[in-house]
1. In nm, what does the list of distances from A:Arg169 to its counterparts in the other copies look like, shortest first, when each label sits 7 Å along Cα to Cβ?
2. Hydropathy at least -0.5 by Kyte-Doolittle, axial extent at least 24 angstrom from the Cα trace: which helices of chain A, defined as entire DSSP H runs, fit?
3. In square angstrom, what is the accessible area per residue of segment A:104-214 with a 1.4 angstrom probe?
4. Please compute the average number of Cβ atoms from other chains found within 10 Å of each residue's Cβ in peptide A:205-213.
5. Given the rule -39500 (n - 2.57) for each run of at least 4 DSSP H residues, summed and divided by the residues of the protein assembly as shown, what is its mean residue ellipticity at 222 nm, to the nearest 500 deg cm²/dmol?
6. As a test question: what accessible area, to the nearest 10 Å², does B:Asp95 have when a 1.4 Å probe is rolled over all protein chains in place?
7. Within 10 Å, count the other beta carbons around each residue, average over each peptide in B:74-83, A:126-135, and list them highest first.
8. What does the average come to when, for each residue of peptide B:129-135, you count the partner chain Cβ atoms lying within 10 Å of its Cβ?
Number of protein chains: 2
Amino acid sequence: MDDGATATARGRDTYRHGGLREALVEAGVELAREGGPAAVVLRETTRRAGVSPNAAYRHFADRDALLHAVSDTCLGFAADRIEAEFDAHPSTGDDVADARMMLRAVGLGYIGFAREEPGLFRTAFSVPDNLQRAADPSKAGRRGRTPFQLVGIALDALLEAGVLPPDRRPNAEFLAWATVHGLGMLVIDGPLRGLDDRMIAFATERLLDMVDRGL
Amino acid sequence: MDDGATATARGRDTYRHGGLREALVEAGVELAREGGPAAVVLRETTRRAGVSPNAAYRHFADRDALLHAVSDTCLGFAADRIEAEFDAHPSTGDDVADARMMLRAVGLGYIGFAREEPGLFRTAFSVPDNLQRAADPSKAGRRGRTPFQLVGIALDALLEAGVLPPDRRPNAEFLAWATVHGLGMLVIDGPLRGLDDRMIAFATERLLDMVDRGL
DNA sequence: TTCCCTTGTGGACAGCGTACACATCACGCA
DNA sequence: TGCGTGATGTGTACGCTGTCCACAAGGGAA
């Protein structure tokens with residue numbers, strides 16, 4: 001089983017690690033889960049991977065590059081959480097209701113991720129990004145789609161179902177995303193911190209109503 | 001003029017600084033302006049205030065307490081920017097139009113601040129907060145009102161003008177705030193980074209339309 | 001088999017936050 | 001007026017961090 005080329009973090013028998021990059025990202029994700037982006041510290045990451053600090057420099061230019069990789073992975077987790085919300089609301093046959101529910105599911109998954117994994121959520125969005133990279137495969141979840149793409153898919157469904165007027169479709173991602181992203185931030189770090197589940201669920205529902213009405 | 005009790009940063013003639021706390025916050029704000037919250041580094045802050053690193057501990061429990069104070073000041077600047085947007089759109093006499101414009105002005109000021117002072121914007125929201133402290137005077141601008149309170153004032157105007165149904169008024173702050181805050185984040189750090197002014201102005205307008213329609 | 005290039009190690013350095021002991025002085029009380 | 005005392009600033013030190021450099025190990029290609 002353990003052929004040295006697939007050595008796990010603890011107990012490597014060869015000189016080479018055989019997957020250090022992945023191990024470092026994994027350790028970084030664990031640190032991010034516990035303490036957010038600031039906790040993704042190069043030395044501790046390498047320590048957890050059972051390797052000397054400098055080994056990281058064979059795979060990442062610097063600490064920031066490591067954090068980027070961790071952040072991308074976190075975005076993938078966010079995508080997974082949203083896809084899970086899709087699965088929780090299967091098709092009903094009514095195209096309009098389905099499309100509406102799909103956009104809602106994006107919002108619910110997004111906020112759910114922020115609440116369940118605040119450290120990963122913060123890390124996912126702690127790193128500057130731009131539109132060109134928003135669909136980069138390294139940010140995708142298990143089904144190969146990034147959170148940004150999932151918003152787009154939901155909006156396309158609304159368009160095809162005739163709910164969203166065609167002239168409103170372009171760039172609608174920004175509006176939908178900004179809205180749920182803002183709520184996510186407010187819930188974990190902002191003034192909405194510490195509100196109980198019911199209050200937050202209520203705020204989420206009203207926010208999603210607003211998007212539905214106003215998009 | 002320089003009586004030792006109001007010593008400015010450079011060239012203190014007494015043993016006591018005579019306003020070190022303020023000087024530290026000021027230096028911290030400058031650092032935040034240049035490099036965001038991460039740049040607010042205790043040692044460099046004290047250096048700029050012309051004082052030894054440990055002197056800061058007479059006024060702040062630790063670096064985090066200093067960052068909090070800087071962050072509060074930044075929130076005050078955000079409030080100032082929003083108030084400036086109020087001033088730029090004086091009353092027309094039409095209560096409905098005025099109230100609508102007021103909420104728009106909050107959004108415009110918010111996004112304006114994010115774009116003009118990204119470092120201060122990031123710093124303002126880099127620190128965990130909660131609802132109880134959202135109206136704390138230390139976060140207020142020159143006119144004594146915090147950004148959170150300004151959103152509330154705009155919504156109250158919408159209520160009184162009959163635009164916002166009374167049953168939708170409670171907690172509407174969260175919706176309005178989350179929306180513009182999300183756009184702000186996306187614009188400075190997120191996928192909307194690097195878009196030109198026209199694109200961002202367009203996105204802002206559409207976002208505010210959405211709030212107006214959907215609140 | 002030999003060589004080389006990739007990967008990991010060890011040591012060093014500057015900068016950071018911060019604890020502890022000490023210096024300095026403004027002010028209130030005798 | 002002089003003195004003590006508490007608030008404020010200094011100096012030194014420690015462990016942590018990111019990162020540079022020279023070196024070691026060893027798998028794969030020639």
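1. 4.1
2. On the way: long enough: A:63-88 (38 Å, 0.15); A:95-116 (30 Å, 0.35); A:172-188 (25 Å, 1.49); A:197-214 (25 Å, -0.12).
Span-like helices here: A:63-88, A:95-116, A:172-188, A:197-214.
3. Ligands and nucleic acids excluded, the figure is 39 Å² per residue.
4. Values: counts 0, 8, 5, 1, 4, 11, 5, 1, 4.
That works out to 4 on average.
5. Helices in the protein assembly as shown give a 222 nm mean residue ellipticity of -19500 deg cm²/dmol.
6. 110
7. Numbers: B:74-83: 23.1, A:126-135: 16.2.
Put in order of decreasing packing, that is B:74-83, A:126-135.
8. Details: counts 7, 7, 8, 2, 2, 3, 1.
That works out to 4 on average.
The values are calculated or read from the model by the stated rules, or taken from the named source; none is laboratory data. What you see is a predicted model; the values in this text were computed from it and never measured. Every residue, glycine among them, receives a Cβ derived from its backbone with ideal geometry; neighbour counts consider all protein chains shown. All accessible areas refer to the heavy atoms of the entire protein, side chains included, with ligands and DNA or RNA removed. Shrake-Rupley method; radii C 1.70, N 1.55, O 1.52, S 1.80 Å.
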